[in-house]
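J.: I have a structure here, written as structure tokens, and I will follow up with some questions on it.
The values are calculated or read from the model by the stated rules, or taken from the named source; none is laboratory data. Keep in mind that what you see is a predicted model, and the values were worked out from it rather than measured. Here the Cβ positions follow ideal geometry from the backbone for every residue, glycine too, while neighbour counts run over all protein chains shown.
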Amino acid sequence: MHKLTARIARELKEMKCGAILEELKGVKRRILSGSRNVNRKLSKWNARTFQFMLEYKLKWLGLPVKYINQANSSKTCPLCSGSMASYDGSIMKREECGFVMDRDVVAVLNLQMWGSVAPESSR
């Protein structure tokens, strides 16, 4: 993980840009509600380690890091900000404006837009 975060930080330094990350505080608490076996596996998972490593390396290089609340990021239309509905599997559709795209791509577009106007993290 150290090598990967160092490589990402170097590439972002070359591009002269920072990072926009999802706010993951409390993510374990939200997902630990399944079976005992699933909970045991997830309780060993440190969801924020990658973010922590990347954040301190970017700050060391003088690059900004922003944390964005990801709530409804995959359900909000990036064109008109309306609510999108599930269309086919992971495909989301907004009837009013006709926008159709994979929910993961929708989330990335929204996080990028929301991060471009959000103040820098004070962590």
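J.: Only one of (1) touching a Cys at 6+ places or on another chain (Cβ under 9 Å); (2) not in a helix (DSSP H, G or I) fails for Asn46. Which number is that?
T.: Of everything listed in (1) touching a Cys at 6+ places or on another chain (Cβ under 9 Å); (2) not in a helix (DSSP H, G or I), Asn46 misses just condition (1).
J.: Another question, if that's okay. Of the conditions (1) modelled with pLDDT of 90 or more; (2) in the same structural domain as His2 (by TED's automatic domain parsing); (3) of a type in the set (D, E, K, R), Arg48 clears all except one; give me its number.
T.: So the condition that Arg48 fails would be (1).
J.: Of the conditions (1) surrounded by 15 or more Cβ atoms within 10 Å (Cβ to Cβ); (2) modelled with pLDDT of 75 or more, Ala6 satisfies every one except a single condition; which number is it?
T.: For Ala6, the failing item is (1).
J.: Still on this structure: Return yes when Ser83 is at pLDDT below 90, touching a strand residue (DSSP E or B) at 6+ places or on another chain (Cβ under 9 Å) and assigned by TED's automatic domain parsing to the domain that holds Val117 and no when it is not.
T.: No; evaluated as a whole, the condition is false for this residue.
J.: Just give me the residues in region 61-87 being over 19 Å from the mean Cα position of the chain (by Cα), free of Cβ contacts under 8 Å to residues at least 12 places away in the same chain and in a loop (DSSP other than H, G, I, E, B), in sequence order.
T.: Gly62
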